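The values are calculated or read from the model by the stated rules, or taken from the named source; none is laboratory data. Since we're looking at a predicted model, the values are computed, not measured. Please note: Cβ atoms are built from the backbone with ideal geometry, for glycine as well, and neighbour counts cover all protein chains shown. Quick note on the areas: whole protein, heavy atoms, side chains included, nothing else; ligands and nucleic acids left out. Shrake-Rupley method; radii C 1.70, N 1.55, O 1.52, S 1.80 Å.
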Amino acid sequence: MIVLQNIVKTFQASSGLITAVDDVSLRVGQGQIYGIIGYSGAGKSTLIRLLNGLEKPTSGSVTLAGQDIAQAKGEALRKARLKISMVFQHFNLLWSRTVSENIAFSLQIAGAPKAVIQARVKELIALVGLSGKENAWPSQLSGGQKQRVGIARALANSPEVLLCDEATSALDPQTTDAILDLLLDINRRLNLTIVLITHEMHVVRKICHRVAVMEAGKIVEEGEVLSVFTHPQQPVTRQFVKQTAGYSSAETPLNTELVNNHAGAVLKLTFVGQNTGQPVVGELTLKYALPFNILHGKMTQTANGTFGELWLQVAASGIQLENILNDLHDHGITTEVVTND
């Protein structure tokens with residue numbers, strides 16, 4: 001559906017040449033929800049402008065459904081952009097138009113017949129959960145309702161790709177979850193390809209199938225969300241994962257005093273999928289006649305499945321600890337020795 005090949009985008013500034021996007025390649029499949037995450041200045045906003053043709057790459061290609069948007073001009077570019085719609089962070093609604101009129105605006109520009117516009121607007125209002133708000137003004141809506149109008153407006157011309165630029169960062173957590181549930185429902189109903197630009201790993205965890213992590217204009221890590229969460233490779237990715245788990249910037253979420261009061265090795269276990277239901281701690285306790293002190297644990301749901309994390313402390317070392325690690329490996333559980341006193 002979407003293929004970016006060796007994209008570079010540079011800008012000339014007073015301080016010199018700035019490389020905003022640096023040799024980025026990625027693929028987004030039809031019907032996927034794809035997350036692009038990074039901190040401010042990572043190059044996310046420039047990348048999304050390259051996706052919708054608002055910026056031309058310095059080099060490389062941006063292909064949507066077989067057409068290179070980077071090379072398209074005039075009428076060809078206009079037609080290509082009709083396949084792509086955008087949802088914005090700050091809604092960008094027309095304040096002098098009602099909910100229905102905001103949704104109808106792009107259809108009116110496209111020259112759709114009045115009867116078609118009315119039917120489509122009614123359909124979209126129901127889809128995004130705004131029934132009864134048809135004649136409300138944007139000033140009368142909550143933040144979540146405004147974003148629902150923005151989503152409905154973006155869907156009006158039946159796009160093939162929906163780009164979401166920090167679409168939930170201006171919303172409170174509860175409203176964010178409601179909007180993410182709506183996007184997931186739209187993706188499932190319409191098989192719509194969605195690309196999310198965000199700096200919130202919670203957004204990625206909740207609905208994305210794949211994620212690319214950007215830093216300094218480059219994609220430093222990419223893969224299925226479940227894999228990236230359970231085996232983050234880059235420091236920036238690990239930092240995002242910790243934030244989602246609610247941890248501080250410390251290396252582990254453990255109580256230091258509790259750890260110090262119990263000698264032995266501290267193990268971090270990562271369970272994926274069906275492994276989350278295994279009674280592993282009980283089996284290990286019986287097999288080795290050792291107490292396994294549970295320090296911390298949590299379960300996390302992603303669009304790709306569930307994973308769990310469990311920190312244990314056990315008074316084992318040498319061959320005995322190696323045997324325990326081998327048993328955990330045989331159960332399909334990834335284990336990291338955090339400390340080993």
Output the residues belonging to the range 286-297 that are of a type outside the set (A, V, I, L, M), assigned to a helix (DSSP H, G or I) and open to solvent by 50 Å² or more (accessible area, probe 1.4 Å).
287
On the basis of being within 17 Å of the chain's Cα centre (by Cα), β-branched (Val, Ile, Thr) and outside any helix (DSSP H, G or I), does residue 36 make the cut?
yes
What is the one condition in (1) assigned to a loop (DSSP other than H, G, I, E, B); (2) at pLDDT below 95 that residue 106 does not satisfy?
(1)
Among the numbered conditions (1) surrounded by 14 or more Cβ atoms within 10 Å (Cβ to Cβ); (2) out of contact with any Asp or Glu (no Cβ under 7 Å at 6 or more places or on another chain); (3) more than 30 Å from residue 143 (Cα to Cα); (4) among the hydrophobic types (A, V, I, L, M, F, W, C), tell me where residue 62 comes up short.
(2)
Counting only residues in the range 1-42 that are surrounded by fewer than 22 Cβ atoms within 10 Å (Cβ to Cβ) and among the aromatic types (Phe, Trp, Tyr), the one farthest from residue 225 (Cα to Cα) is identified as 11
Condition check for residue 186: within 20 Å of residue 303 (Cβ to Cβ), surrounded by 15 or more Cβ atoms within 10 Å (Cβ to Cβ) and in contact with a Lys or Arg (Cβ under 9 Å, 6 or more places away or on another chain)
no
Which members of the range 296-332 meet the condition of being closer than 30 Å to residue 181 by Cα and either free of Cβ contacts under 8 Å to residues at least 40 places away in the same chain or out of contact with any Cys (no Cβ under 9 Å at 6 or more places or on another chain) (or both)?
296, 297, 298, 299, 300, 301, 305, 306, 307, 308, 309, 310
Taking the range 298-341, which residues are among the charged types (D, E, K, R) and open to solvent by 20 Å² or more (accessible area, probe 1.4 Å)?
298, 322, 327, 330, 336, 341
Does the range 288-311 contain any residue that is of a type in the set (D, E, K, R) and over 30 Å from residue 210 (Cα atoms)?
no
Considering the range 65-100, residues that are touching a residue at least 12 places away in the same chain (Cβ under 8 Å) and farther than 30 Å from residue 136 by Cα, and then whichever is nearest to the chain's Cα centre (by Cα), we arrive at 65
Checked 191, 157, 135, 187 against criteria (of a type outside the set (Lys, Arg), within 19 Å of residue 31 (Cβ to Cβ) and out of contact with any Leu (no Cβ under 9 Å at 6 or more places or on another chain)); the one match is 191
Out of (1) in a loop (DSSP other than H, G, I, E, B); (2) hydrophobic (A, V, I, L, M, F, W, C); (3) modelled with pLDDT of 75 or more, the odd one out for residue 250 is which?
(3)
Sole residue being under 17 Å from the mean Cα position of the chain (by Cα) and closer than 25 Å to residue 88 by Cβ, chosen from 29, 53, 41:
29
Select from the range 215-227 the residues that are out of contact with any Leu (no Cβ under 7 Å at 6 or more places or on another chain) and of a type outside the set (Gly, Ala, Ser) and list them in ascending order.
215, 218, 220, 221, 224, 225, 226
Is it fair to say residue 45 is closer than 18 Å to residue 210 by Cβ, open to solvent by 30 Å² or more (accessible area, probe 1.4 Å), among the hydroxyl-bearing types (Ser, Thr, Tyr) and not in a loop (DSSP other than H, G, I, E, B)?
no
